[in-house]
Amino acid sequence: MRQHYDVVVIGAGIHGAGVAQAAVAAGYSALVLEQTQIAAGSSSRSSKLIHGGLRYLETGQLRLVRESLHERATLLRIAPELVHLKRFFIPVYRHTRRRPWQLRIGLSLYALLAGLGPATRFGTVPRRDWGSLDGLDTTGLQAVYWYQDAQTDDRLLSQAVIRSAQQLGAELLLPARFTGASRGAANVSVRYQYGGTEHECDATVLVNAAGPWAGSAARLITPAMPVPSLELVQGSHIVLPGPISQGVYYVESPRDGRAVFIMPWHDGQALIGTTEVRFHGDPAQVHPSSTEIHYLLGVARHYFPRFRASGAAEPSASFAGLRVLPAGTGHAFYRSRETLLVMDDAAHPRVLSIYGGKLTTWRAVAQRAIGLLRPSLPQRPLRARTDELMLSAR
Ligand SMILES: Cc1cc2nc3c(=O)[nH]c(=O)nc-3n(C[C@H](O)[C@H](O)[C@H](O)COP(=O)(O)OP(=O)(O)OC[C@H]3O[C@@H](n4cnc5c(N)ncnc54)[C@H](O)[C@@H]3O)c2cc1C
């Protein structure tokens, strides 16, 4: 007899891991199929911030910011080894586009949306302390605002969520590539390649959490189901030798005013990103272009003169990831960062696809996904609440 699972998940990125955890916590059996390795896609190539997204206030995405800040608080509580509160600095120079009054309004709203706890304090760094800011250029500097947000290691976080799901009984097959599915009245028949051969299993529901591959995975499902119009936007980071230790610097690119983060990273390095460039092609082939690397180097050198010195001139590493955004004509910055959950049938769902979203909101999205699939799932006793399951680094 073929193996049957309540929930089969395509992809072991943060969303696939989260859905598997939410499924087993809710009492269901779950299988995750991952074509390469845990967090092989966007979930190891992000800016690694667990944040509300201060800049999303500019595009009026208040619901997303509030939910992200709520999730930030939850993750600080359940994953203290993996998610760390950091000071973020916003330097304001004579040429900076966002003026102090705008920052004060933005930071006040951000604190309000976060519920005004100790993590929501903000202020300005006194001029006498500017010398302690990792060598930040003070020429023309008018003020430095600070606030707090959190940083993680996205790959380790995804691994921790998968481990938590496995501890509650989820199965992970890897490398196992989803190759197609047929939706029936009571089940989904799922096909995948594993160990060099084709396999099949049955699922009560199938969750497509294939990240940048989610559109192509959805097209492998018959009868065909709606696939929204999507766009892949590449974001690159570089790693520079030389520590950034005081916190995360949130600066504007001197070239076009885009927001760029200059962050502390492992082994006394600095992580700088990101860019936003439309991507066409095979998501597995995404890599930073030399134009992007030079753009990010230019930002780092502009704000931190020590990165102009020859020893610190070249990145020790670079990587690129893909955001999945609703298609549109304007700049990617203004596009919604909300996660899109698309089902084949709202009343009797068999397949749910997850498009886009944020690392920060994985737990809330996973809970929402399982909630939407409930009409098709059997009644099972709850095993755990995901906002109480502790996530550890090992
Ligand atoms: C440059 C950049 C910076 C970002 N920065 C932040 C940030 O600082 N904070 C934040 O909150 N969010 C950030 N994000 C967003 C966040 O990284 C993503 O929303 C999140 O990682 C998406 O996770 P996912 O699980 O949906 O996709 P992925 O992590 O891409 O996972 C999809 C998985 O599916 C697997 N897969 C695909 N096809 C198949 C198949 N046929 N069979 C089996 N497996 C398959 C892939 O191998 C992959 O492991 C950023 C995104 C980018 C691109």
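The values are calculated or read from the model by the stated rules, or taken from the named source; none is laboratory data. Since this is a predicted model, take the numbers as computed values, not measurements. Counting neighbours? That spans all protein chains shown, and the Cβs are built from the backbone with ideal geometry, glycine included. For the accessible areas, the whole protein counts, side chains as well, though only heavy atoms, and no ligand, DNA or RNA atoms are used. Shrake-Rupley method; radii C 1.70, N 1.55, O 1.52, S 1.80 Å.
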*Top-ranked residue of region 216-237 - restricted to ones that are of a type in the set (S, T, N, Q) and more than 10 Å from the ligand (Cβ to nearest atom), ranked as modelled with the lowest pLDDT*: 229
*Considering each of 388, 292 in turn, give the residue that is buried (at least 19 other Cβ atoms within 10 Å of the Cβ) and modelled with pLDDT of 95 or more.*
292
*Single unsatisfied condition, residue 333 versus (1) modelled with pLDDT under 90; (2) open to solvent by less than 40 Å² (accessible area, probe 1.4 Å); (3) not in a helix (DSSP H, G or I)*: (3)
*Taking residue 211, is it near the ligand (Cβ under 10 Å from one of its atoms) and either buried (at least 23 other Cβ atoms within 10 Å of the Cβ) or at pLDDT 95 or above (or both)?*
yes
*Hey, residue 65 hits all of (1) under 20 Å from residue 358 (Cα atoms); (2) surrounded by fewer than 16 Cβ atoms within 10 Å (Cβ to Cβ) but one; which does it fall short on?*
(2)
*Do you know which residues across region 15-54 are within 11 Å of the ligand (Cβ to nearest atom), open to solvent by 10 Å² or more (accessible area, probe 1.4 Å) and in a helix (DSSP H, G or I)?*
15, 42, 43, 44
*Only listed residue being modelled with pLDDT of 95 or more, open to solvent by less than 20 Å² (accessible area, probe 1.4 Å), touching a strand residue (DSSP E or B) at 6+ places or on another chain (Cβ under 8 Å) and farther than 15 Å from residue 317 by Cα, chosen from 303, 250*: 303
*Just need a number here: residues in region 164-182 that are farther than 30 Å from residue 78 by Cβ and either open to solvent by 10 Å² or more (accessible area, probe 1.4 Å) or away from the ligand (no atom under 15 Å from the Cβ) (or both).*
3
*From the list 368, 308, 380, pick out the single residue that is without any contact (Cβ under 8 Å) to a residue 40 or more places away in the chain and either over 17 Å from the mean Cα position of the chain (by Cα) or more than 16 Å from the ligand (Cβ to nearest atom) (or both).*
308
*asked:* All but one of (1) in contact with a Phe, Trp or Tyr (Cβ under 8 Å, 6 or more places away or on another chain); (2) at pLDDT 95 or above hold for residue 52; state the number of the condition that does not hold.
replied: (2)
*Hey, residue 134 hits all of (1) over 15 Å from residue 248 (Cα atoms); (2) of a type in the set (Asp, Glu); (3) in contact with a Ser or Thr (Cβ under 9 Å, 6 or more places away or on another chain) but one; which does it fall short on?*
(1)
*Quick check: anything in region 267-289 more than 23 Å from the chain's Cα centre (by Cα), open to solvent by 40 Å² or more (accessible area, probe 1.4 Å) and either modelled with pLDDT of 95 or more or under 23 Å from residue 143 (Cα atoms) (or both)?*
no
_Scan of region 1-14 for residues that are assigned to a strand (DSSP E or B) and more than 6 Å from the ligand (Cβ to nearest atom), ordered by number_ = 4, 5, 6, 7, 8, 9
*Can you tell me which residue in region 183-208 is nearest to residue 230 (Cα to Cα), limited to those that are among the β-branched types (Val, Ile, Thr) and open to solvent by 10 Å² or more (accessible area, probe 1.4 Å)?*
204
*Name the one entry in 112, 107 that is under 24 Å from the mean Cα position of the chain (by Cα), farther than 17 Å from residue 302 by Cα, hydrophobic (A, V, I, L, M, F, W, C) and surrounded by 18 or more Cβ atoms within 10 Å (Cβ to Cβ).*
107
_Residues of region 183-208 satisfying the condition of being within 14 Å of residue 9 (Cα to Cα), within 15 Å of the ligand (Cβ to nearest atom) and not aliphatic (A, V, I, L, M)_ = 191, 192, 200, 201, 208
*Options 379, 367; residue that is at pLDDT 95 or above, open to solvent by 50 Å² or more (accessible area, probe 1.4 Å) and of a type outside the set (Lys, Arg)*: 367
*Taking region 74-102 as the search range and keeping residues that are assigned to a helix (DSSP H, G or I) and at pLDDT below 95, which one is surrounded by the fewest Cβ atoms within 10 Å (Cβ to Cβ)?*
101
